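Here is the structure we will look at.
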Amino acid sequence: MVEQMETMESYVGLKLKEESIKWKQPNKNGPGYYIVTRPDFYGDSIHINLYIIFDGEGVITDFDWDKCRSANRGVYNRSAKKTPMDLTKRDIKYLQNFVKANTEEMQ
């Protein structure tokens with residue numbers, strides 16, 4: 001289990017590449033925007049969203065996530081009972097690699 005996203009603090013302040021923010025969404029929980037990425041190493045019963053939150057200039061300001069297991073798979077999983085799950089080291093590593101690949105040169 002990984003506590004929230006403490007390991008991602010060093011990535012705050014990096015600037016996202018223009019091509020990586022073309023699908024940005026307004027941040028409903030505060031100022032700025034977000035993009036969401038989802039690891040592809042989980043089956044249909046796991047739902048995970050890793051959010052990268054950034055300002056109008058594309059500078060990362062925060063990270064967020066949600067992850068749960070659903071009782072059903074496939075099309076009907078959204079209406080099934082869900083069990084919240086914690087992030088794993090593998091989830092964090094995926095997000096770190098995604099951020100490294102989609103930001104301008106690391107400082």
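The values are calculated or read from the model by the stated rules, or taken from the named source; none is laboratory data. None of these values were measured; they are calculated from a predicted model. Virtual Cβ from ideal backbone geometry, glycine too; neighbours counted across all protein chains shown.
Yes or no: Ile48 within 23 Å of Ile21 (Cβ to Cβ) and modelled with pLDDT of 95 or more? Taking the combined requirement at face value, the residue does not satisfy it.
With respect to the conditions (1) within 20 Å of Asn97 (Cβ to Cβ); (2) surrounded by 16 or more Cβ atoms within 10 Å (Cβ to Cβ); (3) modelled with pLDDT of 85 or more, Met5 falls short on a single one, namely (3).
Take the conditions (1) at pLDDT below 90; (2) loosely packed, with under 14 Cβ neighbours inside 10 Å; Asn72 misses just one of them, which is (2). Residues in the range 32-51 that are over 20 Å from Arg90 (Cβ atoms) and out of contact with any Ser or Thr (no Cβ under 8 Å at 6 or more places or on another chain): Tyr33, Tyr34.
One residue alone among Asp55, Asp62, Asp91 is surrounded by fewer than 17 Cβ atoms within 10 Å (Cβ to Cβ) and modelled with pLDDT of 90 or more, and that residue is Asp55. Filtered by the rule that a residue be in contact (Cβ under 8 Å) with a residue 12 or more places away in the chain and in a loop (DSSP other than H, G, I, E, B), the range 33-64 gives Arg38, Pro39, Phe41, Gly43, Asp44, Ser45, Asp55, Gly56, Glu57, Gly58.
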